[in-house]
Amino acid sequence: MNSAAENCLLVSRDRARGRYIGEVASIPGDLRDAILHMPEGSQCLRLHELKLGNSLYDCTIQSTEDRNLLLEFQNLEWEQMRLRLQQREVQTGMLELLSRNLGHEVRNPLGGIRGAAQMLADELEIGELATLARLIMRESDRIDELIQRFGHQELDCREVDLYPLLDEALDLLAAEFGESVAIERDYDPSLPSISADSTAIRRVILNLLRNACQAGASVVLIKTRVEYQNTLLHSGQGSVIKLQVIDNGQGVPESLRSLLFLPLVTGRRDGTGLGLALSQQIASAHGGLLTYEPLEQGSCFSFWLPFGNGQEVTGKGASP
């Protein structure tokens, strides 16, 4: 057995070696039946998405000539998380590169455009052309603000309780959307405090909630859980807080799902394409991860934050 099979079946390879399959009590019935009914002459059998505990595994079963078995398990959630972590590194790298290029290539000519519009507005004073000049000024300021938000700054990390941050974000959401969206809560009462930048974390939470509302959701569920001994984000014996925002809105178009956390990618006409990219950068700066999962109706965004021995804050993140 490989290590994943040992952990899943709660038996060491030394204790299992040489025993009849029926004597290993921890082997679930589905797996035992598959082994006992392997086709005649078959030396290899692969089971896809076998549910063991709360996880899904791909299981490879190999039979040797002396009727011994080799069991290899692969945790699909871990594999998906590994791929998502790789994508996160690419995305945050692209964001930093874009930040440097935008700062140099865009802000300088943008200042000239804004200055020229200011001169026109002062000269014209009133009238339609003056209004258009002031519009150019406002939009130039807006673009400049967006570019500055790509910048980096030191995180102000302190002991943070997530629930007050959730309450603050929900208050802001209520002021913006009123009672058009019903908020449901499924909170883990044992949620520990973590070392984090509260302003940055609140920005991520508020962005996820706003996205759900702007996607036409009528119900948004906020779910928190603690996962101990989690090694998905870091090696060792770290643990994570998993905060999920689940909505029944229109969801993300399939064509955008693989690009969702890249900068300037958006499915809305009035969207900037920066919210999720900056949120992913904040998550990465805290040693965490932001993931997306399409639902039959709506979307599920998961915000993973490590704590305990697994926490590794880089000290740099997106400007909050």
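The values are calculated or read from the model by the stated rules, or taken from the named source; none is laboratory data. The structure displayed is predicted, hence computed values, not measured ones. Counting neighbours? That spans all protein chains shown, and the Cβs are built from the backbone with ideal geometry, glycine included.
Summary table below
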item	result
Pair list, Cβ under 8 Å, 6 or more apart: the range 114-141 residue part of a helix (DSSP H, G or I), other residue of a type in the set (Ser, Thr, Tyr)	Arg114/Ser140; Ala117/Ser140
Residues being in contact (Cβ under 8 Å) with a residue 12 or more places away in the chain and not in a loop (DSSP other than H, G, I, E, B) - total across the range 173-191	8
Condition check for Ser279: farther than 24 Å from Asp144 by Cα, at pLDDT 80 or above, touching a strand residue (DSSP E or B) at 6+ places or on another chain (Cβ under 8 Å) and surrounded by 17 or more Cβ atoms within 10 Å (Cβ to Cβ)	no
Top-ranked residue in the range 142-159 [being assigned to a strand (DSSP E or B) and modelled with pLDDT under 70; ranked as farthest from Gly111 (Cα to Cα)]	Glu154
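Let's see how each residue does on (1) in contact with a His (Cβ under 8 Å, 6 or more places away or on another chain); (2) under 30 Å from Gln74 (Cα atoms); (3) exposed (fewer than 14 other Cβ atoms within 10 Å of the Cβ); (4) modelled with pLDDT under 85:
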position: Ser180; (1), (2), (3), (4): no, no, yes, yes
position: Cys213; (1), (2), (3), (4): no, no, no, no
position: Val226; (1), (2), (3), (4): no, yes, no, no
position: Ser235; (1), (2), (3), (4): no, yes, yes, yes
position: Ile241; (1), (2), (3), (4): no, yes, no, no
position: Ile246; (1), (2), (3), (4): no, yes, no, no
position: Gly249; (1), (2), (3), (4): no, no, no, no
